[in-house]
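Following: one structure in structure tokens, then a few remarks.
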Amino acid sequence: MNFKRKYNANHLLSLLFLSSLFLICLTKIVDPDAWLHLSLGREIFSHRGIPATETLTYPSLGRGFGYGSWLFGLIYYTAYHFFNVYGVILLKALTITAAFYFLLRDSLLPHKNYPAAIIVLSAAVFITYGRFIERPDTFLMLFLAFTIYALNAFIYENKKYIYALPLILMLWANTHASINLMLAIFLPYLAVGILRHVFAKFFGRSQNNAGNTQPYLPALSPARLKIILLIFILSFASSLINPVFIKIYTGGSAQVLTSSWWQDSIAELARPTWETGKIPFILPPVVFLSFIWISR
């Protein structure tokens, strides 16, 4: 009876968190870029495909159509076409809520500590609330959260969501130029898994943490490592199914991140300083120390 009461309380707490998040996302459209994305989505919707040349930006008329988030624009304009601005706002709220749903599921691995997970995610909502807007960033949140959760669920509980990643990453590559983040997700899992086997071979150590039945990152068998490697290869290949092919990794966002002009001209890309914002200096050490504490 106590277990059932605790189970119901945890799920009620989760429902309260997600429903509250959904409600605070139901805000009017204030970001001017939302109308740009809707206009570009309308062009794709009207042409029933991606236009060959630029049609809206006067200095680029006649040049190649360079909108990298074409699928995002199409999806959002479709919502606008059928349900007006209410459809756009609802779609944004559902996307962000879904992203935090997967973050919640992931944060419960492996210890199922609902109160701690919801407290941390509530802080994450407070920090990221400024980005709860009608832009491709919301799809980045969703796909990034699902990718991490799918890998962890496979490692801890042998769940098969990992096999959906090639399709998910293909969608990611066509909705936001941040697809190169998938390398920062897969490669650490593969590197840690391989290094554990190397250390076990050369130093004769067990792959399992003695006295810890639920280590933060369990040792992966060679068979499981091969599955993750295969999914990584398939996901990378599927991400190349986009209008610019390999340039999704070598151009666009990669050039922006290395360009001093973009960093000087756009506040979001400027190098952080203690005077302009303290969170980038405080949050990484806190997160790093929390990982150390969890993995003890």
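Observations on the model:
- Each residue, Lys159 and Lys278, gets one label point 7 Å from its Cα in the Cβ direction; the gap between the two is 3.8 nm.
- Karplus-derived 3J(HN,Hα), 6.51/-1.76/1.60, for each residue of region 137-147, Hz, glycine and proline x: 3, 5, 6, 4, 4, 5, 5, 5, 5, 5, 4
- Cα-Cα over 31 Å, subset of Lys28/Lys112; Lys159/Lys278; Lys112/Lys160: Lys28/Lys112; Lys159/Lys278
- With the simple spin-label model, which puts each label point 7 Å out from Cα in the Cβ direction, the Arg63 to Lys226 separation comes to 4.9 nm.
- Region 187-198 - phi-based ³J(HN,Hα) in whole Hz, Karplus 6.51/-1.76/1.60, Gly and Pro as x: 4, x, 4, 5, 5, 5, x, 5, 5, 4, 5, 5
- Within the shell of other residues whose beta carbon sits under 14 angstrom from the beta carbon of Lys92, the net charge comes to -1, with Lys and Arg scored +1 and Asp and Glu -1.
- For region 87-180, the square roots a ≥ b ≥ c of the C-alpha gyration tensor eigenvalues yield an a/c of 1.5 or more together with a/b not exceeding b/c, which makes the shape oblate.
- Amide H partners (placed H, <5 Å) of Glu54, local residues excluded: Gly62, Arg63, Gly64, Phe65
- For region 31-44, the Karplus equation 6.51 cos²θ - 1.76 cosθ + 1.60, evaluated at θ = phi - 60°, returns couplings of 7, x, 5, 4, 6, 5, 5, 5, 5, 5, x, 5, 4, 5 Hz by residue, with Gly and Pro reported as x.
- Protection proxy ranking, peptides 137-144, 122-129, average beta carbon neighbours within 10 Å, highest first: 137-144, 122-129
- Amide H within-cut-off set for Lys159, under 5 Å, with H built and near neighbours excluded: Phe154
- Förster radius 41 Å - calculated FRET efficiency between Val85 and Ile127, Cβ distance, rounded to 0.05: 0.95
Only the coordinates and a few stated rules stand behind these numbers; no lab work does. Owing to the predicted nature of the structure, the values given are computational and were not obtained by experimental measurement. Every residue, glycine as well, gets a Cβ built from its backbone with ideal geometry; the counts of neighbours run over all protein chains shown.
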